[in-house]
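**Q** Okay, handing you the structure first.
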């Protein structure tokens, strides 16, 4: 079964900001960030329950090569990506109501 992926507006903004930052560091690195994220999204489409919960009902999938995690919840056949954060940021500080 393939899962559908849905992004919050926050996650889309964070992806754009990270891509732009990496691109400023080195031309082409922003696209490599996007490619790493796309690879992880393909994995989530196939098996999102493989990744551990970091807070109740919210899981984290780390990106290869980059210090970012995709924070998401699985509801039926939907993977809802709430945030794309640097791994050092603490998801327990998120505002209530993210679940």
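**Q** List the number of the failed condition for residue 48; all other conditions in (1) in contact with a helix residue (DSSP H, G or I) (Cβ under 7 Å, 6 or more places away or on another chain); (2) surrounded by 12 or more Cβ atoms within 10 Å (Cβ to Cβ) hold.
**A** Of everything listed in (1) in contact with a helix residue (DSSP H, G or I) (Cβ under 7 Å, 6 or more places away or on another chain); (2) surrounded by 12 or more Cβ atoms within 10 Å (Cβ to Cβ), residue 48 misses just condition (1).
**Q** Further question: Just name the residue that is farthest from residue 3 (Cα to Cα) out of those in segment 40-54 that are touching a strand residue (DSSP E or B) at 6+ places or on another chain (Cβ under 9 Å) and not in a helix (DSSP H, G or I).
**A** Among them, the one singled out is 54.
**Q** I've got another one for you. Exactly one of these conditions fails for residue 30: (1) touching a residue at least 40 places away in the same chain (Cβ under 8 Å); (2) more than 11 Å from the chain's Cα centre (by Cα). Give me its number.
**A** Failed condition: (1).
**Q** Next up: Could you list, in sequence order, all residues of segment 66-88 that are farther than 13 Å from residue 40 by Cβ, more than 10 Å from the chain's Cα centre (by Cα) and part of a strand (DSSP E or B)?
**A** Across segment 66-88, the qualifying residues are 73, 74, 75, 78.
Every read-out reported here was derived from the displayed coordinates using simple, explicitly stated rules and does not represent laboratory data. Keep in mind the model is a prediction, meaning the values are calculated, not measured. Because the Cβ atoms are built from the backbone with ideal geometry, glycine has one as well, and the counts that use them run over all protein chains shown.
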